[in-house]
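The values are calculated or read from the model by the stated rules, or taken from the named source; none is laboratory data. Just so it is clear, the structure is predicted and the values come from calculations on it, not from any experiment. We place every Cβ from the backbone using ideal geometry, glycine too, and count neighbours over all the protein chains shown.
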Amino acid sequence: MKKFKKNILCIGAGYVGGPTMAMIAYKCPQYKVTIVDINPARIDEWNSDNLPIYEPGLDEIVKEARGKNLFFSTDIEKGIIESDIIFVSVNTPTKTFGVGAGMAADLQYWEKTARQILDCAKSSKIIVEKSTLPVKTARAMERILTSKNSKIQFDVLSNPEFLAEGTAVNDLKNPDRVLVGSRLTKSGIKARDELVEIYANWVPRDRIITSDIWSSELSKLVANAFLAQRISSINAISVLCEKTDADITDVAAAVGLDSRIGSKFLNASIGFGGSCFKKDILNLVYICRNYGLYEVADYWESVIRINDYQQKRFVLNMLTTMFNTLAEKKICIFGFAFKADTGDTRESPAIYVAKRLIEEKAELVISDPKALKNAKKDLDGIDENVSYIEDPHKAAKGSHAIAIMTEWNLYRDLDFEKIYKSMIKPAFIFDGRNIVDHKKLYEIGFNVFPTGKPSLTHFK
Ligand code: NAD
Ligand code: UGA
């Protein structure tokens with residue numbers, strides 16, 4: 001049997017655990033990497049030709065390493081016993097019950113994992129927080145892990161993940177930075193160096209930064225809050241553009257060229273979705289309130305309020321421009337994923353928009369190249385008047401309006417002449433992502449409603 005330098009275990013085979021561990025295995029053949037999960041169906045998929053998540057480039061690296069030094073399993077106990085280093089990458093959603101419901105992070109999966117590690121471990125280990133967690137969680141983790149007073153030592157590190165879905169493989173291959181937080185004790189620093197050594201197999205040393213453990217935990221929440229804040233800032237200006245005949249794309253370009261501001265993350269949109277921004281900001285708000293920092297909490301909460309407003313006003317705009325009734329009108333939704341290049345629909349603005357349109361008694365046709373399976377789950381029980389058609393040309397046929405929810409590249413180059421001909425007139429298009437050529441669509445005959453730009457209509 002091949003002897004590996006160390007055994008790495010990852011608990012949680014999701015959007016983070018799967019790709020991050022596949023990259024470590026791919027870049028570090030000297031380590032054995034095992035990923036475990038309580039969900040056997042998910043593990044079966046990781047072991048099959050149809051991986052449970054769509055991520056460009058992921059199939060290749062998984063296929064390259066799987067069976068050599070990358071393994072997927074449901075045997076969590078065995079994994080813990082055999083491991084030297086354990087990454088914990090379980091989900092930490094917003095709590096839905098009790099104290100902090102709707103705001104605080106739900107740490108039940110996290111704590112169960114900590115206790116399972118304690119119960120099964122027979123030797124000392126490094127425990128790495130990969131999940132996004134409230135600042136000071138490592139202290140809780142340490143308290144659980146030392147509760148047996150045994151000789152086994154656990155060093156807890158914080159190593160937050162900054163990958164974005166849709167670009168995960170590239171983000172992992174060329175990260176802006178890798179952050180490792182540790183206790184600044186002798187053993188904490190030794191553990192930290194061991195983790196740094198793993199990343200140094202492919203990440204330049206100057207991009208691997210270290211800090212105390214609390215700064216590391218907090219940096220993850222703050223990074224997401226800052227990114228989301230930029231989107232809410234530009235979205236707040238997008239509605240002002242619509243009122244003043246200014247163009248958000250021009251405004252964003254002019255503002256973004258200031259090198260102190262930068263051009264990234266200034267695309268006005270239907271609002272940010274995804275499993276993390278909302279939950280992490282709510283978590284930050286909750287932490288601030290717990291420390292009595294009410295003004296700070298309100299400041300960050302406003303990022304979420306603008307995001308909700310952006311989605312609400314999109315539907316209201318559809319309703320008012322389509323003569324104040326959507327009942328029995330067929331509306332085609334282009335894109336259900338929360339962003340392009342992923343099948344993930346968690347917190348996707350399309351869910352809110354679809355639910356509101358269903359309330360208005362519209363008939364929906366939903367199209368998406370990767371997210372239809374998840375869309376069906378999201379609308380389960382309320383989708384009597386919803387159909388799911390992958391081909392956008394077929395999906396748009398006979399509809400009164402198209403609403404673009406996801407910036408999939410394929411929507412940029414559709415045959416809009418053909419689509420227009422197949423639609424009920426007057427035909428409307430609402431571009432929640434500003435990805436199609438508005439002038440061209442107007443010339444074809446559409447009434448066009450972009451985000452943050454003047455609308456182009458044929459009405460007198
Ligand atoms: P996910 O829901 O896709 O995956 C979590 C996995 O953990 C699930 O498969 C679940 O079955 C498993 N799990 C839960 N409890 C378990 C237990 N006790 N034992 C074994 N497995 C268990 O979530 P995700 O998107 O991968 O996110 C994981 C964490 O990473 C979250 O804290 C999230 O905030 C953070 N994060 C996510 C992203 C992202 O882009 N999705 C990026 C950076 C950080
Ligand atoms: C985000 C962060 O970008 C990652 O760094 C972080 O690791 C991750 O959250 C996390 O903690 O989960 P992700 O949510 O996967 O990644 O995707 P983003 O690219 O950040 O997009 C989030 C949402 O913002 C999407 O709905 C996207 O369409 C929207 N967005 C993004 C805009 O509306 N405008 C922009 O300019 C950029």
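Key figures for this structure:
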| read-out | value |
| --- | --- |
| Members of the range 332-347 found to be closer than 8 Å to ALA371 by Cβ, within 16 Å of ligand 1 (Cβ to nearest atom) and either of a type in the set (A, V, I, L, M, F, W, C) or buried (at least 22 other Cβ atoms within 10 Å of the Cβ) (or both), listed by number | ALA337, THR342, ASP344, THR345 |
| Failed condition for LEU107, given (1) touching a Pro at 6+ places or on another chain (Cβ under 9 Å); (2) modelled with pLDDT of 95 or more | (2) |
| Test: ALA114 is aliphatic (A, V, I, L, M), in contact with a Phe, Trp or Tyr (Cβ under 7 Å, 6 or more places away or on another chain) and crowded, with 19+ Cβ neighbours inside 10 Å | no |
| Positions within the range 165-174 being surrounded by fewer than 20 Cβ atoms within 10 Å (Cβ to Cβ) and touching a residue at least 40 places away in the same chain (Cβ under 8 Å), in sequence order | THR167, ASN170, LYS173 |
| Top-ranked residue in the range 145-167 [being more than 11 Å from ligand 1 (Cβ to nearest atom) and of a type in the set (D, E, K, R); ranked as nearest to GLU129 (Cα to Cα)] | ASP155 |
| Which numbered condition TYR199 misses (of (1) buried (at least 19 other Cβ atoms within 10 Å of the Cβ); (2) within 15 Å of ligand 1 (Cβ to nearest atom); (3) not aliphatic (A, V, I, L, M)) | (2) |
| Those residues of the range 149-199 which are of a type in the set (Gly, Ala, Ser) and either more than 27 Å from the chain's Cα centre (by Cα) or at positive phi (or both), in sequence order | SER150, GLY166, SER187, GLY188, ALA191 |
| Test: residue in the range 374-381 that is within 22 Å of ILE306 (Cα to Cα) and among the aliphatic types (A, V, I, L, M) | no |
| Within the range 260-289, tally of residues that are in a loop (DSSP other than H, G, I, E, B) and either surrounded by 14 or more Cβ atoms within 10 Å (Cβ to Cβ) or out of contact with any Gly (no Cβ under 7 Å at 6 or more places or on another chain) (or both) | 15 |
| Helices (runs of 4 or more DSSP H) wholly inside the range 365-460 containing at least 1 residues that are over 30 Å from VAL251 (Cβ atoms) | 372-378, 392-396, 416-422 |
| Number of the exception - GLY17 against (1) within 15 Å of ligand 1 (Cβ to nearest atom); (2) within 23 Å of the chain's Cα centre (by Cα); (3) surrounded by fewer than 16 Cβ atoms within 10 Å (Cβ to Cβ) | (3) |
| Criterion: surrounded by fewer than 20 Cβ atoms within 10 Å (Cβ to Cβ) and in contact (Cβ under 8 Å) with a residue 60 or more places away in the chain - qualifying residue of ASP84, ASP44 | ASP84 |
| Members of the range 117-135 found to be in a helix (DSSP H, G or I) and either within 15 Å of ligand 2 (Cβ to nearest atom) or buried (at least 17 other Cβ atoms within 10 Å of the Cβ) (or both), listed by number | ILE117, LEU118 |
| Pick from the range 290-331, criterion among the aromatic types (Phe, Trp, Tyr) and within 18 Å of ILE358 (Cα to Cα), ranking: surrounded by the most Cβ atoms within 10 Å (Cβ to Cβ) | PHE314 |
| Which listed residue, of LYS421, LYS440, LYS425, is surrounded by fewer than 22 Cβ atoms within 10 Å (Cβ to Cβ), farther than 22 Å from GLN311 by Cα, among the charged types (D, E, K, R) and touching a residue at least 24 places away in the same chain (Cβ under 8 Å) | LYS440 |
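A quick yes/no check of all residues on (1) within 16 Å of ligand 2 (Cβ to nearest atom); (2) at pLDDT 95 or above; (3) among the aromatic types (Phe, Trp, Tyr); (4) closer than 17 Å to GLY14 by Cα:
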{"position": "ASN50", "(1), (2), (3), (4)": "no, yes, no, yes"}
{"position": "LEU58", "(1), (2), (3), (4)": "yes, yes, no, yes"}
{"position": "GLU64", "(1), (2), (3), (4)": "no, yes, no, no"}
{"position": "ASN69", "(1), (2), (3), (4)": "no, yes, no, no"}
{"position": "THR74", "(1), (2), (3), (4)": "no, yes, no, yes"}
{"position": "LYS78", "(1), (2), (3), (4)": "no, yes, no, no"}
{"position": "VAL88", "(1), (2), (3), (4)": "yes, yes, no, yes"}
{"position": "PRO93", "(1), (2), (3), (4)": "yes, no, no, yes"}
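The rows are residues; the columns are (1) away from ligand 1 (no atom under 16 Å from the Cβ); (2) out of contact with any Pro (no Cβ under 9 Å at 6 or more places or on another chain); (3) within 25 Å of GLU328 (Cβ to Cβ).
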residue: ILE351; (1), (2), (3): yes, yes, yes
residue: LEU372; (1), (2), (3): yes, yes, yes
residue: TYR388; (1), (2), (3): yes, yes, yes
residue: HIS400; (1), (2), (3): yes, no, yes
residue: LEU456; (1), (2), (3): yes, no, no
